[in-house]
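The values are calculated or read from the model by the stated rules, or taken from the named source; none is laboratory data. The model shown is predicted, which means the values in this text are computed figures rather than measured ones. As a convention, Cβ positions derive from the backbone with ideal geometry for all residues, glycine included, and neighbour counts pool all protein chains shown.
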Amino acid sequence: MATEHNIAALSNTRGHNNPALSESRRVSAELGALIGPAAAGDRTAIAEIVRLVHPLVRRYCGARLGNTSHLSVTIDDVVQEVLMATVSAIPRYRDQGKSFLAFVYGIAANKVSDAFRRSQLHPSYPMADVPDTASSAAGPEEWALASERRDAARELMKILAPAHREVLVMRIVLGWSAAQTAEAIGTSPGVVRVMQHRALNKLRAELAAA
């Protein structure tokens with residue numbers, strides 16, 4: 001079963017030698033030095049914050065949204081919304097034990113959820129141009145099966161608490177280490193591993209009961 005295969009794949013966590021980890025730490029440290037001046041209205045600091053978080057936000061949104069052909073927005077649309085919301089929120093940001101990067105990921109999670117909600121209210125049905133020659137690409141049946149698998153996986157993930165979904169996306173889809181994920185959501189690597197373990201067990205139990 002395809003979904004069972006996906007759950008098995010979720011159990012295989014990546015190694016700790018992840019270059020994205022050092023990138024996240026570097027960005028988080030730089031953001032920590034910039035947020036004060038940015039909150040005070042320093043436009044140069046604000047622009048630098050946007051430059052630093054943009055690639056991380058795009059990677060996150062891309063992993064969460066996947067193929068956006070069924071959505072009324074593109075990944076770049078959502079990224080732009082996240083960046084605009086981040087800039088607007090900078091003056092109100094207060095350090096409450098979580099890094100500014102974790103704050104940005106929280107904004108991104110909300111914007112991704114908004115995109116999915118909008119797609120349910122206003123679904124998009126793109127039409128491709130008729131090709132001049134035969135194509136060896138996947139046909140309607142293959143696309144339909146792939147869409148069903150994506151929908152099944154998305155529905156299955158809905159049984160998880162939002163925090164657990166975020167952990168699985170960061171750990172499995174983005175390939176982040178427990179330390180990097182912990183830094184992003186403002187907790188410890190041990191807590192991240194426990195959340196991942198519980199989330200996977202819940203998914204397996206749901207599959208077994210189906």
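For the stretch 110-122, which residues satisfy the criterion of being touching a helix residue (DSSP H, G or I) at 6+ places or on another chain (Cβ under 7 Å) and either modelled with pLDDT of 85 or more or assigned to a loop (DSSP other than H, G, I, E, B) (or both)?
Residues satisfying the conditions are LYS111, VAL112.
From the list LEU174, LEU200, LEU160, which residue is farther than 19 Å from GLY97 by Cα and either modelled with pLDDT of 85 or more or in contact with a Pro (Cβ under 7 Å, 6 or more places away or on another chain) (or both)?
None of the others qualify; the one that does is LEU200.
Given the stretch 7-102, what helices (runs of 4 or more DSSP H) lie entirely inside it while holding 2 or more residues that are charged (D, E, K, R), surrounded by fewer than 19 Cβ atoms within 10 Å (Cβ to Cβ) and at pLDDT 85 or above?
In the stretch 7-102, the matching helices (runs of 4 or more DSSP H) lie at 43-65, 75-89.
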